[in-house]
Amino acid sequence: MKKLRRKVYMTGGYNTISLGTGRREFNPKKPRPGLEHYISEAGKAVLEKIGGADNVDESVIGNFMAARFNKQANLPGFVPMIDKKLQWKPAASVEGACGSGGLALTYGIRSVLAEIADVVLTLGVEVQNTVKAIYGADILAGAGWYQKRKNGHAYFFPGQFSDRAGVYYEKYGYDRARKGMARWFANAMENARLDPTAQEYHNTNPDPYGLALKMKPNGAAFVDHLSVLDCSKVSDGASGIAICSEEGLERIGIDKKDAVEVMGWAQVIRDITNDPADPAELEAIPRAAKEAMESAGVTIDQIGTIETHDCFSIAGILAVEGLGLAAKGEGADWVDAGNTARDGYMPMNTTGGLIGWGHPTGATGVHQAVTIWQQLTGKAGNAQINISDDRPYGMTINMGGDDVTVVAIVYKRG
Amino acid sequence: MTYEERLQNVSVLGAAGKMGSGILLLTAVEMADLKMKPENKDKSFVLNAIDVSPAGLSGLMKYLQAQVRKVAEKKTVWLRKMYADRDDLVENYDIIDEYIFDVMNVVRPSTSMEVAYHSNLIFEAIIENKDLKVKLFSQIKNNSKVNPWFFTNTSSVPINNLENEAGLDGKILGFHFYNPPAVQRLVELITTGKTKEEVKEFALEYAKKLKKVIVPSNDHAGFIGNGHFMRDAMHGMDEAEALAAEKNIPLYKAIYIINKVTQDYLVRPMGIFQLIDYVGVDVVSFIMSVMNPHHEDEEISHKMLDKMLEQGVKGGQHSSGAQKDGFLKYKGGRPVAVWDTHKQEYVELEKFQNECEEMMGSLPDSSVAWKSTLRMKNKEEVLGAFFNDLKQLDTLAAKLAVKYGRRSKAIGEQLFNSKVAHSTDDVNTVMLTGFFHAYGPVNIFFD
């Protein structure tokens, strides 16, 4: 991709809590806030940071399956509910399964680049605890090809990634793979405990690594090659961030130092009707990341932190390999050695990622951008990591479906 | 007749009751699963849900629908395989709905007894009335052309009495589920001297398919479970009365103390008075009255129960499963007051709780909550340490607890010595699985 014709910034990020099992306030038997609440909470919080709705040119919402989880479509119609000044302005919603949030970011970036807007209110939302997990699995299966649903697992997506994990175990060894996956889980818990909005914020297990190692996958109870600790949970939540041009930043009165600049980005798509060529390898994620880095003119060793799409621990490990951080088959060892921990060589998912922070599917891409914005501008609170001058870049990788719809973005403090 | 053939036509008597509905659910699921096997696709499976109450049967069907959904949600992986040839069933939603229909489709609700005349197997779960049981068994036996087997869920009537009076001659056994049958894993299996081996074999296979734990019990009124529970309850009531007299306190305070001791100090899921309320003051009294005539040298009854019933306080549960008020009054499932038989009203715990707890003394640091023992690996060790401390303590509650523990053990040994149980291990299994105790009554903790 060519260099960006205009500077693009993100600022004013906000996350609601990720509500679901693990949060103390979550009670499946009691009524919970709906879509409207989450859209409104995240939207209002961003507006407050950017000086109000007058400053917004247009809005976009990333969402995957409100049409089934909440029996609600036409989400742009909820934007004026955030603030009545948004009525009569443009708004849209975009969908690319769990990559919807990432697509919402690209929507905002495109609008700014196209000089259609200087400030885009960008939201992601999903409210999934409306149905039991066994039915939620049906809904989430929509991220795959429906014609493969019949022969898929009851828990369709865990089944897909279980198949990938199974091949990985066979090729590279079960024990070392499980160690890497256990470390991935432990990192997620340790990071989530530092972010008050994380779903695992209240997690107190004294030995998450040991817990995950001990819990062996059991196909009779769940899927063949993953335990529940290898999976992100069911979450309700929303995230929001403002995507701005330089003029936009000036308009809202936010200093560039309090924003991140989008240095490069890419969006790639893989044919949903094809099975992965090699289940132990990702294709779309490495391509998107490579293109995004090329577009930014940076290499992986200049990047100081990455938010990657770990809907399953195996996806995190395959991404590590896809990014070239470890050779094929060595990603699990690399993770187990602590390289992706918050004090490791490449801190990943520093507020817990999908397994620790939560995975309100359509919101995740936006949440990743908020985390990178927090980390690069020193706003990550207790979860703050050290960003060194020689590796000042951050990257987000958001995936929809099984390595199908992928958005990668490279950022730097403005 | 094979296991499957036997299950092709079954009737449950008293199907709308609490026990009957659970038995119906488990059996309907088992029959529907048999029907799903490819070789059984063309066979018919019929389960008659027989009850005198049309309203009860209507409620039963609603209960079934909700419960089968829960069952299906837990075995969706298996169901997807069973419906693999059904191209129209794609999502878990579709498959679960179809399974619910398939299970319900086995069940025929009826208020008429005649439908049972075609059944190979009769489950009986009507009220604990021996004469009525005998009447229904005789009626079916005399009108049936298929010579059925009878499984009775009685918890207290000796099976050989039913066998002799209805002329069933080896074709009956006691298949005693615990409440609620869908959840409780324990089944007491009671055979008479005449019970045919094939009947017993079938019962064992059926129990295994339902994933139940079978404990054989000899044919003594009350069997093992109630044999222990009723005597344990009598001890609790005796102790409450004695305590009230000795300390010169109102009975309701003594009830509170004994209930608390039996829960917190004996590490049980609930105190003895709460358990009586859970089963129902009326039901406990009734079971005692059924057991009593069969125990010549022992009086099995209690005047406290009679008094409660005279005052119209019965306990038991609402159809929603919520606890009705009995010895204790409940709010959100927790006791909040105790019945004062003197003034005939509930007295709020707040008014006297502290005073009672002061009398009881405090729990030692080694105390352990029942719930925390569920997954404890070194349970024996932890309980041993706690009970050892209790034996050393000079507090009122510790003394009551140790005495109670010893009495509970004596009851367990009595059940073995009087040949109700084949072993003290069986007594322990019943109390562990049927009553969810953390440890069996026959132990060395309180020696």
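The values are calculated or read from the model by the stated rules, or taken from the named source; none is laboratory data. This one's a predicted model, so the numbers in the text were calculated from it and none came from an experiment. All Cβ positions, glycine included, derive from the backbone under ideal geometry; neighbour counts span all protein chains shown.
Filtering the range B:356-399 to residues that are over 21 Å from B:I257 (Cβ atoms) and among the aliphatic types (A, V, I, L, M) leaves B:L374, B:M376, B:V382, B:L383, B:A385. Kindly evaluate B:V261 against the criterion of being farther than 22 Å from B:S285 by Cα, in a helix (DSSP H, G or I) and in the same structural domain as B:A398 (by TED's automatic domain parsing). Yes; evaluated as a whole, the condition is true for this residue.
In this structure, does B:K70 turn out to be over 23 Å from A:G159 (Cα atoms) and either in a helix (DSSP H, G or I) or more than 25 Å from the chain's Cα centre (by Cα) (or both)? No, not satisfied.
A:E126 passes every criterion in (1) assigned to a helix (DSSP H, G or I); (2) buried (at least 21 other Cβ atoms within 10 Å of the Cβ); (3) among the acidic types (D, E) apart from (1). State whether one or more residues within the range B:85-94 are outside any loop (DSSP other than H, G, I, E, B), away from chain A (no Cβ under 14 Å) and of a type in the set (D, E). Scanning the range B:85-94 turns up no residue that is outside any loop (DSSP other than H, G, I, E, B), away from chain A (no Cβ under 14 Å) and of a type in the set (D, E). The residues listed here are A:V262, A:V268, A:V234, A:V298; of these, the one that is within 22 Å of A:S93 (Cβ to Cβ), aliphatic (A, V, I, L, M) and part of a loop (DSSP other than H, G, I, E, B) is A:V234. For B:L13, the test of being in contact with an Asp or Glu (Cβ under 7 Å, 6 or more places away or on another chain) and farther than 22 Å from B:I140 by Cα is failed.
Which of the residues that make up the range B:149-182 are touching a residue at least 60 places away in the same chain (Cβ under 8 Å) and either touching a strand residue (DSSP E or B) at 6+ places or on another chain (Cβ under 7 Å) or of a type in the set (A, V, I, L, M) (or both)?
Hits for the range B:149-182 are B:W149, B:N153, B:S155, B:V157, B:I159, B:F177, B:Y178, B:A182.
Taken as a whole, the range B:214-227 holds at least one residue that is of a type in the set (F, W, Y) and within 16 Å of the chain's Cα centre (by Cα).
Summed over the range A:136-152, residues that are in a helix (DSSP H, G or I), surrounded by fewer than 18 Cβ atoms within 10 Å (Cβ to Cβ) and at the interface with another protein chain (Cβ under 9 Å from one of its Cβ atoms) total 1.
Test B:V427 against the criterion of being touching a residue at least 12 places away in the same chain (Cβ under 8 Å), farther than 30 Å from B:E357 by Cα and crowded, with 19+ Cβ neighbours inside 10 Å, and give yes or no. Criteria met by B:V427. For the range A:373-388, filtered to residues that are assigned to a loop (DSSP other than H, G, I, E, B) and among the aliphatic types (A, V, I, L, M), the residue that is nearest to the chain's Cα centre (by Cα) is A:A380. Counting only residues that are more than 12 Å from chain B (Cβ to nearest Cβ), buried (at least 18 other Cβ atoms within 10 Å of the Cβ) and among the hydrophobic types (A, V, I, L, M, F, W, C), the range A:153-169 holds 3 of them. Return only the number of the condition from (1) within 14 Å of another protein chain (Cβ to nearest Cβ); (2) in contact with a helix residue (DSSP H, G or I) (Cβ under 6 Å, 6 or more places away or on another chain); (3) part of a loop (DSSP other than H, G, I, E, B) that A:R68 does not satisfy. For A:R68, the exception is condition (3). Mind checking whether some residue in the range A:100-116 is part of a loop (DSSP other than H, G, I, E, B), touching a strand residue (DSSP E or B) at 6+ places or on another chain (Cβ under 9 Å) and within 14 Å of chain B (Cβ to nearest Cβ)? No, the range A:100-116 contains no residue that is part of a loop (DSSP other than H, G, I, E, B), touching a strand residue (DSSP E or B) at 6+ places or on another chain (Cβ under 9 Å) and within 14 Å of chain B (Cβ to nearest Cβ). Of the residues making up the range B:344-363, just one is under 31 Å from the mean Cα position of the chain (by Cα) and among the hydroxyl-bearing types (S, T, Y), namely B:Y346. Tell me yes or no: at least one residue of the range B:98-118 is under 30 Å from A:A137 (Cβ atoms), within 14 Å of chain A (Cβ to nearest Cβ) and not aliphatic (A, V, I, L, M). Checked against the condition, which is being under 30 Å from A:A137 (Cβ atoms), within 14 Å of chain A (Cβ to nearest Cβ) and not aliphatic (A, V, I, L, M), the range B:98-118 yields at least one hit.
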